[in-house]
Amino acid sequence: MKAELATITSKGQVTVPAAIRKALNLKQGTRVRFILDADGVLRISVPKYTTIEDLRGAAGTLKHPKPWRQVLEEAREDGIHLDDHDDDTAH
């Protein structure tokens, strides 16, 4: 287990220590997820898919395509946060 210390700025920002950035292969623009467990333990993960666009092509081609509204609902259920402009009329 690695433990590193960081300080929160007046803007609420934290610089991820270099050892942690290296261990998680974090680069500028990498999105991270903060998970606060019920017992107060904070975990940070690097999600593989952060938007619905990231999923494009990940599962191959469906024999019977799903309606866009159903895809959006399933993404929301899985915790994928979509932009406000995503709706079933755009596709």
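Read the figures in this text as sums done on the coordinates, not as results from a lab. Just so you know, these numbers come straight off a predicted model, no measurement behind them. Don't worry about glycine lacking a Cβ; one is built from the backbone with ideal geometry, like all the others, and counts go over all protein chains shown.
Listed values, structure above:
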read-out	value
At R0 = 30 Å, FRET efficiency that the Cβ-Cβ distance of residue 16 and residue 77 yields, to 0.05	0.50
Nearest-20 debye value, region 1-51 charge dipole, Cβ charges on Lys, Arg, Asp, Glu	320
Length released on extending from residue 5 to residue 27, taking residue separation times 0.36 nm less the Cα-Cα span	6.0 nm
Computed over region 1-47, Cα set: Rg, Dmax in Å	11.4, 30
